[in-house]
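Written below as structure tokens is the structure these notes are about.
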Amino acid sequence: MNAPSNPPRLIPARLRKLIGSIGVMVILFAWIWIFTSLYDHLPQNRFVHLVYFVALGMGWILPVIPLISWMGKADQPLDTGVR
């Protein structure tokens, strides 16, 4: 006999957004700390500095995308209209 299956408990949207916001700040802090400390090891060339900061200035979003998509999940499954 099959045991009744309990639906998975979902984290409420407000809590997910709080956790995600803190996670984004932690990732950004670590990103800034790591890559500004690596700045001292770059050659003294303006073009290298430009490429470094442009790439890293846009690159922080890549590790944050999964976190942002997790934060935006709906609390309940959407009604598909089946009655």
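Gain on full extension, evaluated as 0.36 nm per residue between residue 33 and residue 17 minus their Cα-Cα distance, stands at 3.4 nm.
Once all Cα-Cα distances of the range 30-69 are split into 10 Å bins that start at 0, what whole-number percent is in each one? Percent of Cα pairs in each bin: 27, 49, 19, 6. Just the protein heavy atoms count here, and of the accessible area of the range 8-54 at 1.4 Å, carbon and sulfur take up 74 percent.
The values are calculated or read from the model by the stated rules, or taken from the named source; none is laboratory data. The structure presented is a predicted model; accordingly, all values stated were derived computationally and were not measured. Note: areas computed on protein heavy atoms with side chains; ligands, DNA, RNA excluded. Shrake-Rupley method; radii C 1.70, N 1.55, O 1.52, S 1.80 Å.
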